[in-house]
1. Under 8 Å by Cβ, and 6 or more places apart or on different chains, what pairs join a residue from region B:1-29 that is surrounded by fewer than 17 Cβ atoms within 10 Å (Cβ to Cβ) with one that is modelled with pLDDT of 80 or more and not in a helix (DSSP H, G or I)?
2. Restricting to region B:146-161, what's the tally of residues that are of a type outside the set (A, V, I, L, M) and surrounded by 22 or more Cβ atoms within 10 Å (Cβ to Cβ)?
3. In region A:149-194, which residues are modelled with pLDDT of 95 or more, under 24 Å from A:Ile224 (Cα atoms) and within 14 Å of chain B (Cβ to nearest Cβ)?
4. Taking the condition of being more than 10 Å from every other protein chain (Cβ to nearest Cβ) and over 11 Å from the mean Cα position of the chain (by Cα), how many residues in region A:51-67 meet it?
5. Counting residues that are at pLDDT below 95 and under 23 Å from B:Glu116 (Cβ atoms), which helices (runs of 4 or more DSSP H) fully inside region B:1-75 reach at least 1?
6. Kindly evaluate A:Ala185 against the criterion of being crowded, with 24+ Cβ neighbours inside 10 Å and under 16 Å from B:Leu193 (Cα atoms).
7. Here's a check for you: in region A:195-207, which residue that is farther than 18 Å from A:Thr148 by Cα and not polar (S, T, N, Q) is farthest from the other protein chains (Cβ to nearest Cβ)?
8. How do the pairs read when you match residues in region B:149-164 that are in a helix (DSSP H, G or I) with residues anywhere that are among the charged types (D, E, K, R) and modelled with pLDDT of 95 or more, using Cβ under 8 Å and keeping only pairs 6 or more apart or on different chains?
Amino acid sequence: MRLRPILIAAFLAIGTATLPASAQDKSIVVASTTSTQDSGLFGFILPKFKAKTGIDVKVIAQGTGQALDTGRRGDADVVFVHAKAQEEKFVADGFGVKRYPVMYNDFVLIGPKADPAGIKGGKDIVVGLKAINDKASPFVSRGDKSGTHSAELNLWKAASLDPAGTKPGWYREIGQGMGAALNTAGAMLGYVLSDRGTWISFKNKGDLQIAVEGDKRLFNQYGIILVNPTKHAHVKKELGQAFIDWVVSGEGQQAIRDYKIDGQQLFFPNAGTGS
Amino acid sequence: MSALELIVSGDARLFAIVGLSLIVTLSATFFAAVIGMPLGALIALTRFPGRNALIVILNGCMGLPPVVVGLGVFLLLSRSGPLGELGILFTPQAMIIAQAVLIGPIIAALTRQVIEDLWAEYRDELVAMDLSRTSRVATLLWDARFSLMTILLAGFGRAAAEVGAVMIVGGNIDGFTRVMTTTIALETSKGNLALAIGLGLVLISIILLINAMAWAVRGWAERHAG
């Protein structure tokens, strides 16, 4: 019977595949953003949390919009995202218990070194975006309802422009994560809005560099929310709340502060500030 | 860190990822085969109204887009979906289900064709032997075992290569549902293009290795069992 080894292998495989599920009693699912994962922050702070509490945190990295939707469907215990208005609506609609501010970094406008829009070194994001529009320079938009995407749309609004609505040829929505957007901007020599954490950790900078930074409108706040157990009874509220409590505690905040790439701090803790 | 360094240094995380990829895809191939092969054989040997339409649909389903299968299984297994009670979204089990759904039609459709051709060839003998339908199906499947092996490999290859379905239903969770293809997608998005292409070569090598092993088993079996 030639099939027997295959059958045995497959049965072994299924047995092994079901193992992690039975060992998951002390774990939570956190729906978060590509920026927190791609920048390596979770890889740095989660082992510290695990060492202290023994709780496994399983991170699903999505855009903020999708992460909130994952929470809304009850497929995550905690959401950790960066779009304050959407987060507050999530809580107001009863899907989240309470929003805690955690940390911030800032957005930077990235562009090609050749700088076709002539905005390199600028401090005013509105001036920068208007120049991109006037010169019709390629601009890569996330187009995925992520936190960075909604921040970008707000900035265009501040510049009294609406490329997402009028869809000029130079405005390219790719519907993908931050890293993919940076790869695309690098390939088409376009401008792109990125969070600073992902930019610093990004390995394929090529001909890209920071064009505009330092505008206070580029502020990027992260918040964390427990999915409401009254909506979804299976939510692991004790474990989820334990993670939230740790993230906003002195210890969790210090872990965030300690995360550096090439000596640069990526995220700035500000729990308890009302941001 | 290049992929080669990871392999040479015996990086435990890389091996865990490769191991999970194999577990998920082999399990999915197994389930798809257990359901798909008898189903394909049964369709080959049976005449019923709407059979041609069913065959066209089955053949068409060989082209199911992984991302659509992933979305369908996601909606099914989500806590807000009909099977949400199981709580297996974002687990390896969900990934096995998605890949089995993806390649089940491939295995069933190809099996049907192989068995139908074989049936045309041996029909008179099998009818003369006065076998029940179940025995006919079993006999033909056994006779076609070497062709079926190739079909299994086709299904395995399809499942091992896809990223859309496992990304959606697995969530690409580090150390839990991260497999080769989702790692490659992630490293690409992080701009680690050298590592991504290196991991891609590792994946292709593994698929080649499994095909080589299957070929060796087949050669051995042909010599020993005829």
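The values are calculated or read from the model by the stated rules, or taken from the named source; none is laboratory data. Every value quoted in this text rests on a predicted model; they were computed, and no experiment measured them. In this analysis, Cβ positions are derived from the backbone assuming ideal geometry, glycine residues included, and neighbour counts consider all displayed protein chains.
1. Once the first residue is surrounded by fewer than 17 Cβ atoms within 10 Å (Cβ to Cβ) and sits in region B:1-29, its partners that are modelled with pLDDT of 80 or more and not in a helix (DSSP H, G or I) give B:Arg13/B:Gly175; B:Ala16/B:Gly175.
2. 2
3. The answer is A:Ser194, and nothing else.
4. Residues in region A:51-67 being more than 10 Å from every other protein chain (Cβ to nearest Cβ) and over 11 Å from the mean Cα position of the chain (by Cα): 5 in total.
5. Because the criterion is at least 1 residues that are at pLDDT below 95 and under 23 Å from B:Glu116 (Cβ atoms), the helices (runs of 4 or more DSSP H) in region B:1-75 that meet it are B:12-45.
6. In short, yes.
7. Here the answer is A:Asp207.
8. Correct list of pairs: empty, since none qualify.
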